Amino acid sequence: MVVPPSRVPGVAGTCSASQFVLGKATSAPGFGTVGTTSVYVTQPLRNTGGDCVLDLPATIRVASATGAFQPVTVVNAGTGTSFTIRSGQSVSIVLGAWWWIGGSADNGTLLSAPPCTDPISDITRVEFPVALGSIQIDLGTVWHEVCSSPASVSVTVQD
């Protein structure tokens, strides 16, 4: 779904949200450190407009099914930060999130949860900003908790 221009600052590139057609997002579990779990969502999209440059944002916005969007910082999970997307080309935005579930060391000592400032719970939607507008992604799953800081969400683009 294409939504009005995002209130997330610092998005460059030349792509407009309206030039993308979204496919169905898929999710899969990931691997994390002891005491965490992770889920990765792949959102396919096809460029139905002209060639453009998509720059990865430093911040996206997340929301529960009925909640308001809130900003979170993201880490780059790939090697690129800027992607040229040709007319007619299909690419995927890959979003990952990880959260604390608790755990113990080999000797049975309970591990402490890592720092998590302003946690946001039960995330089902993501607003991914582009140069003009933003792409709203229905995760098709629930991220149980993400941190506003430090980043507990990753993003990359795959072709």
Looking only at residues in the stretch 126-136 that are over 9 Å from the mean Cα position of the chain (by Cα) and buried (at least 18 other Cβ atoms within 10 Å of the Cβ), which one is farthest from VAL11 (Cα to Cα)?
GLN136
So, first residue among the basic types (Lys, Arg) in the stretch 9-35, second residue open to solvent by less than 30 Å² (accessible area, probe 1.4 Å), Cβ within less than 9 Å, six or more apart or across chains; the pairs are LYS24/GLN43
GLY88: passes all of (1) loosely packed, with under 14 Cβ neighbours inside 10 Å; (2) within 17 Å of GLN43 (Cβ to Cβ) but (2)
Matching residues, the stretch 83-105, being assigned to a strand (DSSP E or B) and aliphatic (A, V, I, L, M)
ILE85, VAL91, ILE93, VAL94, LEU95, ALA97
Here are some residues: THR48, THR66. Which one is without any contact (Cβ under 8 Å) to a residue 40 or more places away in the chain, hydroxyl-bearing (Ser, Thr, Tyr) and open to solvent by 70 Å² or more (accessible area, probe 1.4 Å)?
THR66
Out of curiosity, is VAL72 under 17 Å from THR124 (Cα atoms) and not hydroxyl-bearing (Ser, Thr, Tyr)?
yes
Which of the residues that make up the stretch 111-125 are within 15 Å of VAL142 (Cβ to Cβ) and open to solvent by less than 50 Å² (accessible area, probe 1.4 Å)?
ILE120, ILE123, THR124, ARG125
Of GLY80, GLY108, which residue is open to solvent by 40 Å² or more (accessible area, probe 1.4 Å), out of contact with any His (no Cβ under 9 Å at 6 or more places or on another chain) and either under 25 Å from VAL34 (Cα atoms) or assigned to a loop (DSSP other than H, G, I, E, B) (or both)?
GLY108
Which numbered condition in (1) in a loop (DSSP other than H, G, I, E, B); (2) at pLDDT 95 or above; (3) out of contact with any Pro (no Cβ under 8 Å at 6 or more places or on another chain) is the only one that LYS24 fails?
(3)
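The values are calculated or read from the model by the stated rules, or taken from the named source; none is laboratory data. Every value quoted in this text rests on a predicted model; they were computed, and no experiment measured them. All Cβ positions, glycine included, derive from the backbone under ideal geometry; neighbour counts span all protein chains shown. The area values use the complete protein model at the heavy-atom level, side chains included, leaving out ligands, DNA and RNA. Shrake-Rupley method; radii C 1.70, N 1.55, O 1.52, S 1.80 Å.
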